[in-house]
Amino acid sequence: MIRVRATFEKCGRAKYISHLDLNRCMLRTFRRSGLPIWYTEGFNPHPYYSFALALSLGFESSCEILDFNLNEEMPYDEIRDKLNAVMPEGMKIIKVAEQKQKITAITEAEYSFSLVSDDTERLYGDIEALLGMPEILIEKKTKKGIKTVDIKPSIKVMRCEKNDISVDMVIRLPAGTQTNFNPTLFIDALRNYNGAPFEPEKIRRTGIFCENNEIFS
């Protein structure tokens, strides 16, 4: 059994494919690809595959992780090409390689987005003021119900730049098997601040990281 890891992008119309539908989509893709996919054993054999992190509906990504197993060795470029030949519009395999790190090694995900506003000067000031507060409380849905959490310690602002029509940001948030935050938490907190009106656009996951800023691979 050969363990393989594919990195793929999900953009354009594909950003509206839910995580549940993505599973069905990949099942069909594997069957059409002709790859020697390893199947589970038992009464209902099916291709074994898993995604590192679920992506919120409406988000784009350039770094989604898909793990699967093959019954025989194949050149990675050939695996990539066979999958891309049958992938749906908006999804493309960027890289195929061996599985080096376990999914549990993931600690952070990076996102880019634009906050479009008629008053970017005021909006930029609102962001600075919000990030300067001792805590940023937001209601988050959990398995046990709605919980109030402080996301201030978890936000790493990598970039924040204003232009005539938007404030463009790149932030890192906790991700992995224990805690998963996405940028809508920060965006909701900024809305609750009641500052300059804005609309979020182009939310995209741009990186998945382990400890010490190491790129997950």
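The values are calculated or read from the model by the stated rules, or taken from the named source; none is laboratory data. Just so it is clear, the structure is predicted and the values come from calculations on it, not from any experiment. Reconstructed Cβ throughout: ideal geometry from the backbone, glycine too, with neighbour counts over all protein chains shown. The protein model used for the area step is the full one, side chains on, heavy atoms only, and it has no ligands, DNA or RNA in it. Shrake-Rupley method; radii C 1.70, N 1.55, O 1.52, S 1.80 Å.
Criterion applied to Glu78, Glu73 was being part of a loop (DSSP other than H, G, I, E, B) and out of contact with any His (no Cβ under 8 Å at 6 or more places or on another chain), and the one residue passing it is Glu73.
Kindly establish whether Tyr39 is closer than 26 Å to Phe209 by Cα, out of contact with any Lys or Arg (no Cβ under 7 Å at 6 or more places or on another chain) and open to solvent by 40 Å² or more (accessible area, probe 1.4 Å). Lay out the reasoning, then the answer.
Working: closer than 26 Å to Phe209 by Cα: no; out of contact with any Lys or Arg (no Cβ under 7 Å at 6 or more places or on another chain): yes; open to solvent by 40 Å² or more (accessible area, probe 1.4 Å): yes.
Criteria not met by Tyr39.
Pro183: within 23 Å of Ala14 (Cβ to Cβ), open to solvent by less than 20 Å² (accessible area, probe 1.4 Å) and in contact (Cβ under 8 Å) with a residue 40 or more places away in the chain, yes or no? Spelling it out, Pro183 is indeed within 23 Å of Ala14 (Cβ to Cβ), open to solvent by less than 20 Å² (accessible area, probe 1.4 Å) and in contact (Cβ under 8 Å) with a residue 40 or more places away in the chain.
Residue count for segment 16-27 under the criterion of being open to solvent by 50 Å² or more (accessible area, probe 1.4 Å) and touching a residue at least 40 places away in the same chain (Cβ under 8 Å): the result is 1.
Can you spot a residue in segment 117-137 that is surrounded by fewer than 18 Cβ atoms within 10 Å (Cβ to Cβ), within 30 Å of Arg13 (Cβ to Cβ) and at pLDDT 95 or above? Yes, some residue in segment 117-137 is surrounded by fewer than 18 Cβ atoms within 10 Å (Cβ to Cβ), within 30 Å of Arg13 (Cβ to Cβ) and at pLDDT 95 or above.
When we screen Phe113, Phe68, Phe51 for residues that are without any contact (Cβ under 8 Å) to a residue 40 or more places away in the chain and surrounded by 16 or more Cβ atoms within 10 Å (Cβ to Cβ), the only hit is Phe51.
Scanning for something assigned to a loop (DSSP other than H, G, I, E, B), out of contact with any helix residue (DSSP H, G or I) (no Cβ under 9 Å at 6 or more places or on another chain), at pLDDT below 95 and charged (D, E, K, R), does segment 145-166 turn up at least one residue? Lay out the reasoning, then the answer.
Initial filter on segment 145-166 (assigned to a loop (DSSP other than H, G, I, E, B)): 151, 155, 163-165.
With out of contact with any helix residue (DSSP H, G or I) (no Cβ under 9 Å at 6 or more places or on another chain) added as a condition, the list becomes none.
No: zero hits.
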